[in-house]
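Read through the structure below, which is laid out as structure tokens, and then see the notes.
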Amino acid sequence: MPVGTPDEIETAIDALSKQPDSSLIIPPDPFNIDHIERIARLSLRNRLPAVSVYRPFAVEGGLMTYGPDTPDIFRRSAAYVDLILKGANPAELPVQQPTKFQFVVNLKTAQSFGLAMPPTLLATADEVIE
């Protein structure tokens, strides 16, 4: 459900939560990261299961996140900065993809929704918020 302004976030999440068996996936987008805490709080308030690629989403009450490990990306970019400072042509450096991902489950949120999280799912999580 596309939203264009911060004010539309609450209206959209409220409307979605009224539809039976609904859930929400928050894709990577600059608008979404700017408002990720608000989206998490609204999905929690509306008891709407939701997943995002951004770790702060689960920390703020979202159900779970799965996405690239951002600190790892920044650490790896230091090697590129080093190469460029030593004279490498940036246009000739290969594009890198994320190689490390984080899976975070907010067990407290799952329990408040009455969701039973399988032990195997929790065992594969990098972090479980209790």
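The average projected area of the stretch 78-130, computed from the convex hull of its Cα atoms over all directions, is 5.7 nm².
Exposure proxy shown here: for SER43, SER112, the number of other Cβ atoms within 10 Å sets the order, fewest to most, as SER112, SER43.
Here the residues VAL95, VAL53, VAL105, VAL81, ranked from fewest to most Cβ neighbours within 10 Å of their Cβ, fall in the order VAL95, VAL81, VAL53, VAL105.
Partner lysines whose Cα lies under 29 Å from the Cα of LYS108, excluding those fewer than 8 positions away in the same chain, are identified as LYS18, LYS100.
Within the stretch 24-130, the trypsin sites (Lys or Arg not before Pro) that combine a DSSP coil assignment with at most 15 other C-beta atoms in a 10 angstrom radius are ARG47, LYS86, LYS100. Per-residue Cβ neighbour counts within 10 Å put MET1, MET117, MET64 in the sequence MET1, MET117, MET64, beginning with the fewest.
The mean sequence separation of alpha-carbon pairs under 8 Å and at least six residues apart, normalised by the residue count of the chain, gives a relative contact order of 19 percent. Starting from the Kirkwood radius over alpha-carbon pairs of the chain, derive D by Stokes-Einstein at 25 °C in a medium of 0.890 mPa s and give it in µm² s⁻¹. Reported coefficient: 150 µm²/s. For the charge dipole of the stretch 1-93, defined by +1 on Lys and Arg C-beta atoms and -1 on Asp and Glu C-beta atoms about the Cα centroid, which residue among LEU48, LEU63, VAL81 has the Cα displaced farthest towards the positive pole? Going by the charge dipole, the pick is LEU63.
The numbers here are math on the coordinates, done by the rules we state, and not lab data. It should be emphasised that the depicted structure is a prediction, and the values quoted were computed from it without experimental measurement. We place every Cβ from the backbone using ideal geometry, glycine too, and count neighbours over all the protein chains shown.
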